[in-house]
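For reference, the structure is listed below as structure tokens.
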Amino acid sequence: MPKDDEITPKPSSYLTRACLQSKVAYLATGSHEKEVPQEIYKKLFSSLAGVLQSGYFSKVEQVSSAGKMTKFCFEPKDLPTFGELFQQFPKLKDAAKPPHFELPQLTDRINGIAISFKSDGTFYAGTNSNEHKGNAE
């Protein structure tokens, strides 16, 4: 039985899709908050810390071509827009994109953010999504 600050994410949620079929998600400010590297809130995504802490997160260990990774997936309650994301990270608009990729509208909401770290604790990648298929709850 889940604790008060744990949920089983819906199969259609960002947490389940981004964190490889996660079976449990934790309230970002709950009893598992120390599992999230503080570097996320204090350095890498400090301007979005409140947003990331407004919902749930899942964590998954995975192996990629870059080695063993820990991926943290966040599904905030306070969904930011791409415009807000681009204000915080202006270079994001100029980042390399896959062929035929169109930038979302500035008013489109992001429904999740995933952040990966290498096994040595160094930041590897951050991604976001506006594919809305359902909330974690």
inquiry  = Out of everything in region 76-114 that is polar (S, T, N, Q) and buried (at least 16 other Cβ atoms within 10 Å of the Cβ), what residue ends up being modelled with the lowest pLDDT?
reply    = ASN111
ask   = Do any strands (runs of 3 or more DSSP E) lying entirely in region 14-75 carry at least 3 residues that are touching a residue at least 40 places away in the same chain (Cβ under 8 Å) and buried (at least 17 other Cβ atoms within 10 Å of the Cβ), and which ones are they?
value = 56-64, 67-75
Candidates GLU84, GLU61, GLU75, GLU102, filtered to the one that is under 17 Å from the mean Cα position of the chain (by Cα) and more than 22 Å from PRO37 (Cβ to Cβ) = GLU84
ask   = Mind checking whether some residue in region 79-86 is of a type in the set (Asp, Glu) and in contact with a strand residue (DSSP E or B) (Cβ under 6 Å, 6 or more places away or on another chain)?
value = no
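The values are calculated or read from the model by the stated rules, or taken from the named source; none is laboratory data. Worth saying up front: this structure is predicted, and the values here are computed from it rather than measured. Cβ atoms come from the backbone with ideal geometry, glycine included; neighbour counts cover every protein chain shown.
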